[in-house]
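Below is one structure, written out as structure tokens; comments come after it.
The values are calculated or read from the model by the stated rules, or taken from the named source; none is laboratory data. Computed from a prediction, not measured in an experiment: that's the story for all the values here. Because the Cβ atoms are built from the backbone with ideal geometry, glycine has one as well, and the counts that use them run over all protein chains shown. SASA here: full protein model, heavy atoms, side chains in, ligands and nucleic acids out. Shrake-Rupley method; radii C 1.70, N 1.55, O 1.52, S 1.80 Å.
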Amino acid sequence: MKAEDIPLIRKIIRRNKRLEVLFAVAGFLALLVGVLTFVALFAQMAVAGWERISPDFFTNFPSRRAGQAGILSAWVGSLLVMLVTAVSAVPLGVAAGIYLEEYAPKNLFTDIIEINVTNLAGVPSIVYGLLALGVFVYTFGFGQSILSAGLTLGLLILPVVIVATRESIRSIPLHIREAAYGLGATRWQVTRDHIVPYSLPGIMTGVIIGMSRAIGETAPIITIGALTFIAFLPESPIGPEFPWVNFEWLKSGFTVMPIQMFNWTSRPEEAFQQNAAAAGFILVLMTLAMNAVSIWIRYHVRKDIKW
Amino acid sequence: MQETNSGGAVTVAPYGPLSVSDRLAKKALRNFKERVIELLLLGAACVSVLTTVGIIWVLVSESVNFFGTVSIWSFLTDTMWTPLFAEPRYGILPLLAGTLTTSVVALLVAIPLGTTIAIYLSEFARPTVREVVKPFLELLGGIPTIVYGYFALMVVIPLLQLIMPELSGFNMLGAGIVMGIAIIPYVSSLAEDAMRAVPMSMREGSYAMGATRLQTAFRVVFPAALSGILSAYILGISRAVGETMIVAVAAGMQPNFTVNPLEPAQTISAYIVQVALGDLPHGSIGYQSIFAAGLSLMLMTLALNLVGHVVRRRFREAY
């Protein structure tokens with residue numbers, strides 16, 4: 001290195017440092033696009049829909065007059081569909097995850113299941129709607145019901161639950177299992193008494209993420225033919241007489257929050273756009289709340305586990 | 001039969017009053033129970049395979065009926081998609097053009113922004129910034145797509161019309177941009193995971209040679225994480241191709257054989273939604289046409305998945 005090279009080298013270093021600052025700014029701006037979109041979306045809906053959000057909005061059925069329309073049938077429908085989704089997807093997903101992590105022998109069949117779960121996660125949600133239309137609605141004869149919709153969304157979030165269960169189980173150190181087996185426990189006893197309880201926070205995170213995805217899904221539910229204008233409630237799941245529960249509601253027609261919002265969004269009148277904004281605001285609040293719970297679980301419950 | 005749980009309350013001493021045959025019987029029952037549970041768990045794992053089989057069966061069987069009426073050749077080459085006309089024509093090309101155009105717009109937004117965010121978070125940002133920003137991005141990815149559709153229609157397209165006054169109220173550009181923003185979190189989080197998995201020793205080597213963070217990021221970390229980053233892109237592409245509600249709300253519902261993003265058009269998925277909203281009788285040609293459309297969509301995402309597998313194999317770097 002000669003003395004006269006030094007200014008040149010300094011120049012190169014200065015340029016590289018400038019480039020670095022430039023990129024840091026670019027990265028920050030890119031992040032800002034995401035954050036600002038989120039803020040703009042939320043604020044626009046809050047402002048546009050604010051005057052529609054009142055107790056009446058939650059207790060009124062949809063109506064031809066925008067000022068009287070509400071989301072009663074939509075939120076009740078969403079709740080009931082989510083119930084079916086949770087009851088179908090959680091046990092199946094957790095059981096499948098346990099099988100793949102704790103039981104499955106390493107063979108071709110297990111490989112097929114694994115590749116299959118990965119691929120299912122990439123299938124567009126509307127294709128699940130077509131599956132449900134062909135299988136649940138017509139082949140099984142469930143009709144355009146809460147049961148069909150709940151099972152569809154159950155299948156849709158199954159990969160999410162399976163992957164979350166597996167990751168959570170995989171983080172349990174081997175010596176926990178060895179200690180339990182050393183005491184003579186069977187495989188199921190190890191699973192039931194150790195693996196499942198320790199992986200519960202992770203599983204719950206995955207389940208909540210999956211449910212928050214399911215509650216906003218519109219396309220597959222439209223595809224099975226859910227109606228967009230419902231002015232009645234399904235029969236109550238809790239009856240006045242023995243055995244106090246009935247399952248008539250499973251076969252009922254229904255609408256859900258995102259479909260109600262879609263219906264209002266696709267109308268030209270401004271008043272209905274206000275309703276859409278209000279419904280969207282509530283829908284986003286619901287998914288945000290669910291995501292916040294899962295983030296909280298991940299940051300606080302998991303931190304307490306020390307192996 | 002009471003179980004002798006490890007450490008549980010056992011009222012009878014295990015080797016006390018039980019005879020040998022009793023103990024053998026107990027063991028046999030226990031083994032039987034274990035076997036049943038294993039089979040149940042296996043059954044649950046098989047549901048995912050059954051789902052795939054079900055999807056393929058439904059799509060193929062209804063499409064076979066459809067192609068009994070409409071020839072595959074005209075499906076693939078006809079440039080008109082007019083299923084509701086008196087003389088319906090079923091050419092997938094207009095829908096395909098709509099799908100590809102909106103996807104390309106979305107990817108032009110999502111890939112540069114997502115990659116920049118990933119590099120920034122993985123190589124530049126302080127841990128505290130990352131801790132705050134990552135949940136935020138996750139929230140962005142968790143917003144229902146119908147809400148994004150509403151946002152595109154009510155906010156983004158009016159903003160675009162300020163710049164281009166002749167733009168129509170429904171267009172692929174607005175829908176594509178919002179779709180791109182909706183996909184950013186998927187791309188950035190997977191790409192960041194891939195870059196964070198690159199061992200620190202490689203960065204240290206690069207810094208020791210006098211490289212800046214930017215040079216390290218682009219010349220060492222990015223190539224080393226290429227396989228993971230490409231799978232992030234491929235996931236983004238398959239999201240864009242299958243995305244439904246944003247385009248159904250904001251891109252218009254008219255099939256339009258064009259690749260000009262300033263025009264309105266219909267995508268494959270939006271067509272399925274449009275038909276499902278109407279009341280087509282089960283078994284009619286219109287009903288079958290949504291399965292043929294769905295099959296095309298499924299084949300596209302399947303092809304992308306296969307490319308993803310090949311790419312992961314081809315570019316995988318092991319440390």
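Per residue, how much space in cubic angstrom lies within the convex hull of the C-alpha atoms of chain A? All intermediate terms of the calculation are to be shown ahead of the outcome.
Numbers: hull volume 77.1 nm³, N = 307.
So the per-residue Cα hull volume is 251 Å³.
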*Kyte-Doolittle cut-off 0.0, length cut-off 15 Å along the helix's own axis using Cα: show which whole DSSP H helices in chain A pass.*
A:5-49, A:72-98, A:108-121, A:146-170, A:196-216, A:270-296
*Please label the shape of the stretch B:197-318 as rounded, prolate or oblate, based on the square roots a ≥ b ≥ c of the eigenvalues of the alpha-carbon gyration tensor (a/c under 1.5 means rounded; beyond that, a/b larger than b/c means prolate, else oblate).*
prolate
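Please work out the average accessible area per residue across the stretch B:91-196, using the 1.4 Å probe convention, and give it in Å². Don't skip to the answer; put the middle values down first.
On the way: 3540 Å² over 106 residues.
Per-residue value: 33 Å².
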*Roughly how many percent of the accessible protein surface of the stretch A:1-87 is carbon and sulfur, given a 1.4 Å probe and a whole-percent answer?*
70
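In terms of solvent-accessible area of protein heavy atoms at a 1.4 angstrom probe, what is the ranking of B:Arg23, B:Arg35, highest value first?
Working: B:Arg23 90, B:Arg35 130 Å².
Final ranking, largest accessible area leading: B:Arg35, B:Arg23.
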*Global size of the stretch B:93-315 as Cα Rg and Dmax, reported in angstrom*: 19.8, 70
*Between rounded, prolate and oblate, where does the stretch B:29-179 land on the alpha carbon gyration tensor, with a ≥ b ≥ c its root eigenvalues, rounded for a/c under 1.5, else prolate if a/b exceeds b/c?*
oblate
*asked:* Can you compute log10 of I(q)/I(0) for the stretch A:1-158 with the Debye formula, treating each Cα as one identical point scatterer, at q = 0.09 Å⁻¹?
replied: -0.64
*So which aspartates and glutamates pass the test for A:Lys251, namely a Cα distance under 16 Å, with those fewer than 8 places away in the same chain ruled out?*
A:Glu235
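Hey, what did chain A get for relative contact order, percent, Cα under 8 Å, at least 6 apart?
In percent, rounded to a whole number, it is 25.
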*Taking the alpha carbon gyration tensor of the stretch B:174-245, what are the square roots of 5 times its eigenvalues, largest first, to the nearest whole Å?*
31, 11, 8
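First check a/c for the protein assembly as shown, with a ≥ b ≥ c the square roots of the eigenvalues of its C-alpha gyration tensor; if it is under 1.5, answer rounded, and if not, answer prolate when a/b is larger than b/c or oblate otherwise.
oblate
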*Among the aspartates and glutamates, which have Cα under 16 Å from the Cα of A:Lys106 when same-chain residues fewer than 8 positions away are ignored?*
A:Glu114, B:Glu38
*Any chance you could run the full-extension gain for A:Ile6 through A:Val21? It's 0.36 nm times the residue separation minus the Cα-Cα distance, nm to one decimal.*
3.1 nm
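Nearest 500 deg cm²/dmol is fine: what mean residue ellipticity at 222 nm does chain B get from its DSSP H runs of n ≥ 4 alone, each adding -39,500 (n - 2.57), divided by its residue count? Walk me through the numbers on the way to the answer.
Numbers: 13 runs with 215 residues, N = 319.
About -22500 deg cm²/dmol.
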*List the aspartates and glutamates whose alpha-carbon lies under 20 Å from that of A:Lys17, not counting same-chain residues fewer than 8 positions away?*
A:Asp5, B:Glu123, B:Glu204
*Which FRET efficiency, nearest 0.05, do B:Asp279 and B:Ala197 yield, Cβ-Cβ r, R0 60 Å?*
0.75
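As a test of the formula, what do you get for chain A when each DSSP H run with n ≥ 4 contributes -39,500 (n - 2.57) and the sum is divided by the residue count, at 222 nm and rounded to the nearest 500 deg cm²/dmol?
On the way: 12 runs with 199 residues, N = 307.
-21500 deg cm²/dmol, from helical runs alone.
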*Between the stretch A:22-72 and the stretch B:88-160, what's the alpha-carbon centroid distance in Å?*
17
